[in-house]
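Asker: Structure in structure tokens, see below.
The values are calculated or read from the model by the stated rules, or taken from the named source; none is laboratory data. Everything numeric here is computed off the predicted structure, so don't read it as measured data. Using ideal geometry, Cβ is built from the backbone for each residue, glycine included, and neighbour counts are taken over all protein chains shown. Side chains are part of the model used for accessible areas, which takes the heavy atoms of the whole protein and leaves out ligands, DNA and RNA. Shrake-Rupley method; radii C 1.70, N 1.55, O 1.52, S 1.80 Å.
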Amino acid sequence: SVSSGNVFLPDPLTTAGVEYGAPYEDNSDGFVSVLNNEVVTKSFTTKFSSGIYYLESNYIKIKDIRSPYIAPASSSSGAFNYTRDQDGFEDVNAYYHLSAFHDYLTDSVSGLGFTNLLDEVVEIDPHGDTEDASYYYPQTPKKITYGIGGVDDAEDADVLIHEYSHGISD
């Protein structure tokens, strides 16, 4: 099913053309209007089951893996319109960027055409560590946890793809 949601493209500092510092600061993941001004709405494919849309595909699945335990975002309408201070924002941002990157790697028409790179579900926890650290776990099922210390790692496409690339190398 097709859904839509708010994401950074790729991160708010890049699109605003500024460096980190007041007023462009995380504010303990609080509402910061200049950061929310950098949000764009994108469409993406989701799983639809029993009247609910889930951030899940054949390759990416948002899942609560580690503390802090925050249930993954879901939607009854297909709209995932969170602001960056809401936990669902990181879920949508991670799902969108990792799905788009996987599609870019594997699409033979508009991408690189690698049809068997990380050809399995990778479980993603956008709030998987209270520290400022993100990790790739090679065990099956493969997992990635993103830290929420400092600036949430799942708010930055570069960090999201960096961790995913460990899976590609694996």
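Asker: Does Gly150 fit the bill of being open to solvent by less than 80 Å² (accessible area, probe 1.4 Å) and touching a Ser or Thr at 6+ places or on another chain (Cβ under 9 Å)?
Answerer: Here the answer is no, as Gly150 does not meet what is asked.
Asker: What are the residues in the range 117-140 that are part of a strand (DSSP E or B) and open to solvent by less than 30 Å² (accessible area, probe 1.4 Å), if any? Spell out the reasoning first.
Answerer: Initially, the range 117-140 is screened for residues part of a strand (DSSP E or B), giving 122-129, 135-137.
Correct list: Val122, Glu123, Ile124, Asp125, Pro126, His127, Gly128, Asp129.
Asker: So which residues in the range 30-44 are closer than 23 Å to Gly128 by Cα and either touching an Asp or Glu at 6+ places or on another chain (Cβ under 9 Å) or open to solvent by 50 Å² or more (accessible area, probe 1.4 Å) (or both)?
Answerer: Listed by number, the residues that qualify are Gly30, Phe31, Val32, Leu35, Asn36.
Asker: Please indicate, with yes or no, whether at least one residue in the range 73-80 is among the aliphatic types (A, V, I, L, M) and more than 25 Å from Glu38 (Cα to Cα).
Answerer: No, there is no match, as no residue in the range 73-80 is among the aliphatic types (A, V, I, L, M) and more than 25 Å from Glu38 (Cα to Cα).
Quick grid of which residues meet (1) farther than 28 Å from Ser28 by Cβ; (2) without any contact (Cβ under 8 Å) to a residue 24 or more places away in the chain:
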{"site": "Glu90", "(1), (2)": "no, no"}
{"site": "Tyr96", "(1), (2)": "no, no"}
{"site": "Val122", "(1), (2)": "yes, no"}
{"site": "Gly128", "(1), (2)": "no, no"}
{"site": "Tyr136", "(1), (2)": "no, no"}
{"site": "Pro141", "(1), (2)": "yes, yes"}
{"site": "Ile148", "(1), (2)": "no, no"}
{"site": "Ser169", "(1), (2)": "yes, yes"}
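Asker: Another question about this same structure. So Asp103 ticks every box in (1) open to solvent by less than 80 Å² (accessible area, probe 1.4 Å); (2) farther than 20 Å from Tyr137 by Cα; (3) without any contact (Cβ under 8 Å) to a residue 40 or more places away in the chain but one. Which box is left unticked?
Answerer: Asp103 satisfies every listed condition except (1).
Asker: Another question about this same structure. Mind checking which helices (runs of 4 or more DSSP H) fall wholly inside the range 1-116 and carry at least 2 residues that are at pLDDT below 95? Steps first, please.
Answerer: Working: elements: 12-16, 33-36, 87-106.
Fully inside the range 1-116 and qualifying: 87-106.
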